[in-house]
Structure formats: structure tokens, C-alpha cells
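What follows is a short report on a single structure.
Read the figures in this text as sums done on the coordinates, not as results from a lab. This one's a predicted model, so the numbers in the text were calculated from it and none came from an experiment. Neighbour counts are summed over all protein chains in view; Cβ atoms, including those assigned to glycine, are modelled from backbone coordinates with ideal geometry.
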Amino acid sequence: MSLFNELFLCHADLMSSVSKVVIVAFVFAAVIFVTNCCVTFPGRLDSLLSVIRYAPPPTNPVISTTVCCYGDEYTTLCRHCYENHYTRCSCCDALLHENDAYHLDGYDYCSECYHDEVDKCRNIHDYGYKPDPVFYGNSKRFFGVELEIDGAGKDSDNADELLAIGNRDLVSIYIKGDGSLDDGMEIVTHPMSLDWHKDFCWEEIMKKAVSMGYRLHQTSTCGLHIHVNRNSLGDTHDEQ
């Protein structure tokens, strides 16, 4: 080995040893410094660590967008779609697509509510029509009468004339269709006491119906149904 190579290797070994000594000395000094800080200023290290641990996130701008839902639990809609293609039932508040909505007197309805509203406006209601009862008279026992008349048609003009008599003073009767009749309709009263029925204009209604061509007992289709409130028959189920 040449003298130059030997000198080079010695120099490399020396530099490696010096580097190790420097690193060890630096680490030793750092440990002493931190130890002294902890002893002399015990709060500073905790403060430093807390700053590092709870450093705030970068202050980059965050864009927040709020999306309002205009639908219901089954349909999610944006504002544009809701205002341009959807509406709500004026009666039950159901969400409706514009193609499924029914319109009456400037209001939107679902199918069920629409037919209910239309039925309320008719003078001859569907058979299933049942308004909230109005009780007339002062009694514990009330009677509701269903009187079927047949033979002169399920005619709106005839129904109007009978309603005008029966509801002259109070809304006491309404008229429904009945599939068991050939060509007639059914007169229905709100619940009335027996005394109220006795004073009611039954005779006038019957005379008008007969003059129109309606019959009751002379048919094989008509019947007279009388309903009574259950609680008037007793307090318990067995008594009733």
C-alpha cells in the first residue's frame, strides 16, 4: 500500500471518530439543557408541549354550503325542483308531483282529499260519506234516520228541493246514493232526540218526494234504518 493511501485511510478514521464524538457531545448537551429547563422552569416544557399538541389547523378558507331539503321522508328535493315541479296537498300537506296533483278552486289536493272535497260540494254524496254528526235536542238518546226513496232518479235537482226543505232552519239532513236502489237516493238525518224528530218537517219532505214520483213502501228496494247512540242503552257492554 502506498504512503498516500495509508494517509488517506488514517484521515478517514480520524474524521469518523471526531464525528462520533461531536454527535455524542451534542446529544449530551441537549439532555442537560432540557433537564435544566424542566427543573428551573417546569411550566415552560408543559407549555411548549401543549402548544405543539393543540396547534390550530391551517388557516385555509373553508367554504360551507347549506342544502335545504324541500321533500319528505321518502323524497329529497332541491329548492329548484320543489318550486318548479312539486306542490303540497292543501288538506293533508302530502308532497305531490305536479302531474299527480288535483286542483279545485285554486287549491292543490292529493287524490283522496280531492274526492273528499268534491263530495262535500255535492248535493248527492257517495254512499260512504259520513260528516261529523250534529246532535239536535236535549236528551240522552238520539236517533239517526236513513230513509230510502226510489223510482224518480238519483237527480240533483230533486235532491236540492228536498235539502231546501229539510235544512231550512238548520243543517239537519243530507242525501247519499245507495247501490241497493234502482233509481233513487237516501235521505239521512243528523242525530236527533225523539221530540226533535216529532217536530221535524218529515211530512213536508215526504209530500215533496211523492210529488216528484218517489216511492218507499210501494217498492221492493227501499228500507228505513234507525240508529241510536249506544251509551243511551246502558253504562256497561252487557247492558248495551
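Check which residues have an amide H placed less than 5 Å from G144's amide H, if you skip close sequence neighbours.
When sequence neighbours closer than 5 places are left aside, the close amide H contacts are M192, H227, V228.
Taking θ = phi - 60°, what integer Hz values does the Karplus form 6.51 cos²θ - 1.76 cosθ + 1.60 yield along region 78-93, in sequence order, with x for Gly and Pro?
Here the 3J(HN,Hα) series is 7, 5, 4, 5, 5, 6, 9, 9, 10, 8, 10, 5, 5, 9, 9, 6 Hz.
Taking amide hydrogens as modeled 1.01 Å from N in the peptide plane, which residues meet the under 5 Å criterion relative to A94, leaving out close sequence neighbours?
Counting only residues 5 or more places away or on other chains, the set is C89.
Measure out, as a whole number of angstrom, how far apart the alpha-carbon centroids of region 141-178 and region 69-130 sit.
30 Å
If the cut-off is a Cα-Cα distance under 13 Å, which aspartates and glutamates reach K208, setting aside same-chain residues fewer than 8 apart in sequence?
Filter leaves D157, D160, E161.
To the nearest 20 Debye, how big is the dipole of region 77-116 about its Cα centre, given +1 on the beta carbon of each Lys and Arg and -1 on that of each Asp and Glu?
180 debye
Using 0.36 nm per residue of separation minus the Cα-Cα distance, give me the extension gain between H103 and H115 in nm, one decimal.
Numbers: separation 12, 0.36 × 12 = 4.32 nm, distance 1.07 nm.
So the chain would gain 3.3 nm between H103 and H115.
Given 0.36 nm per residue, what is the gain on full extension from D93 to D169 after removing their alpha carbon distance, in nm?
Values: separation 76, 0.36 × 76 = 27.36 nm, distance 3.52 nm.
Length gained, D93 through D169: 23.8 nm.
Place a point 7 Å from the Cα of Q218 along the Cα-to-Cβ direction; which residues of region 183-200 have their backbone N under 16 Å from it?
Only 183-184 pass the distance filter.
Using amide H atoms built in the peptide plane, which far-off residues or other-chain residues are under 5 Å from G223 H to H?
E148
Take F143, F135 and order them by how many other Cβ atoms sit within 10 Å, fewest up front.
On the way: F143 18, F135 14.
Listing F143, F135 from fewest to most nearby Cβ atoms yields F135, F143.
Quick one: work out the % antiparallel among DSSP beta bridges in region 125-232, nearest 5.
On the way: 15 of 17 bridges.
The antiparallel proportion sits near 90 percent.
Please list, in order along region 122-139, the HN-Hα scalar couplings obtained from phi with the Karplus expression 6.51 cos²θ - 1.76 cosθ + 1.60 (θ = phi - 60°), rounded to whole Hz, x for Gly and Pro.
7, 8, 10, 7, 5, 4, x, 5, 8, x, 5, x, 10, 9, 10, x, 10, 6
Can you compute the FRET efficiency between E146 and H80 using 1/(1 + (r/R0)^6), with r the Cβ-Cβ distance and R0 = 51 Å? Round to the nearest 0.05.
Details: r = 52 Å, r/R0 = 1.03.
The formula returns an efficiency of 0.45 here.
Can you give the FRET efficiency to the nearest 0.05 for L233 and K198, using r as the Cβ-Cβ distance and R₀ = 25 Å? Walk me through the intermediate numbers first.
Working: r = 21 Å, r/R0 = 0.83.
The pair L233/K198 has a calculated efficiency of 0.75.
Can you spot the lysines whose alpha carbon is less than 16 Å from K176's alpha carbon? Ignore those fewer than 8 places along the same chain.
K120, K130, K154
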